[in-house]
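One structure below.
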Amino acid sequence: MTFRNFLFSLIIILSFISCSEKKEKISLIKEDNLEMQMIEAYNEGLKEFNNGDVFFAAKKFNEVELLYPQSIWAPRSILMAAYAFYSNLYFNDAIYELERFLEKYKNHPDTDYAYYLIAICHYNLIVDEKKDLGEIMKAKTYFNLLVKEYPNTDFSEDAKYKLELIDEILASKELYLANYYLDREKWIPAMNRYKKIVNNYDTTIFIEEALFRLVELNYKLGLMDEAKNYAALLGYNYQSSQWYEESYKILNMDYKKTKIKKDLKNQKSLLKKFRELIK
């Protein structure tokens, strides 16, 4: 090979290396710019969130996810968008963001927080707890998922307490419907509602009345063994209860329809108590 040919080959090789380095450098610059844009968008989102413009804040947080979907900032940004909506009472928008998070990042370390927040959002959408069971059942589903999947977290401990309050509300609704049927002498629908309280909500404050009403209804229908079984259950667990005293009268031939004054104030305060807890 002549020197001229050698020199020509060397120039080609050096040119190729130079172009490769230039391309790599350009690529790095673009990536750096992208990361800077992401950080700027996130910081701008935080700024607007603090200023109270939650929709623009959520838009900037979503930009972060679009710019760098594989980064640790992407799931964090979805959660921030959800929290921005939640903190300003836009619960449906928050739920949308949280559902996206749970679909895309189910194994993320903050999944327990997402379950907790989406449960709270669904609960806040309840208008009338006696009529609108859809949202309260969704809240219960997510709280149960949280307790099951993340039992050792702070969110799980709080979820257990809120599940107890939800059961009180659900039992209250069942008792309301059962008494509605009872007052209209529709014994079987009433009995089914009382049984539902006994089977599903036996830790609530409504269990005593439900057991008594089952004693009462079975007595009316001539089902003495069933009436005695429910009375025994009531006596074993709540012997000092006024409801047990009345069931004893029924089974000892001293029966009359019982009207025991209920603590309506306590029942009505259940939803209010829950709302205060999630503020």
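Things to note:
- Test: residue in region 21-35 that is part of a helix (DSSP H, G or I) and modelled with pLDDT of 85 or more: no
- Complete set of residues in region 225-278 that are under 21 Å from Thr203 (Cα atoms), modelled with pLDDT of 55 or more and not in a helix (DSSP H, G or I): Tyr238, Gln239, Ser240, Ser241
- Number of the condition not met by Glu99 [criteria: (1) surrounded by fewer than 19 Cβ atoms within 10 Å (Cβ to Cβ); (2) in contact (Cβ under 8 Å) with a residue 24 or more places away in the chain]: (2)
- Of all the listed residues (Leu89, Leu117, Leu66), the sole one being among the aliphatic types (A, V, I, L, M) and more than 28 Å from Lys162 (Cα to Cα) is Leu66.
- Residue within region 84-96 that is among the small types (Gly, Ala, Ser), more than 30 Å from Lys173 (Cα to Cα) and part of a loop (DSSP other than H, G, I, E, B) present: no
- Restricting attention to region 205-224 and to residues that are touching a residue at least 40 places away in the same chain (Cβ under 8 Å) and either in a helix (DSSP H, G or I) or hydroxyl-bearing (Ser, Thr, Tyr) (or both), the residue that is nearest to Ile166 (Cα to Cα) turns out to be Glu209.
- Annotation for region 195-218: no member residue is under 30 Å from Ala94 (Cα atoms), out of contact with any strand residue (DSSP E or B) (no Cβ under 8 Å at 6 or more places or on another chain), polar (S, T, N, Q) and surrounded by fewer than 18 Cβ atoms within 10 Å (Cβ to Cβ).
- Boolean, Lys106 is of a type in the set (Lys, Arg) and either out of contact with any helix residue (DSSP H, G or I) (no Cβ under 6 Å at 6 or more places or on another chain) or in contact (Cβ under 8 Å) with a residue 40 or more places away in the chain (or both): yes
- Yes/no for Ala119 being among the aliphatic types (A, V, I, L, M) and either on the phi > 0 side of the Ramachandran plot or modelled with pLDDT under 95 (or both): no
- The lone exception for Tyr86 - which of (1) buried (at least 20 other Cβ atoms within 10 Å of the Cβ); (2) over 11 Å from the mean Cα position of the chain (by Cα); (3) closer than 30 Å to Tyr176 by Cβ; (4) not basic (Lys, Arg) it fails: (3)
The values are calculated or read from the model by the stated rules, or taken from the named source; none is laboratory data. As the structure is a computational prediction, the values presented were derived from the model and not from experiment. A quick note on method: Cβ atoms are made from the backbone with ideal geometry, for glycine too, and the neighbour counts reach across all protein chains shown.
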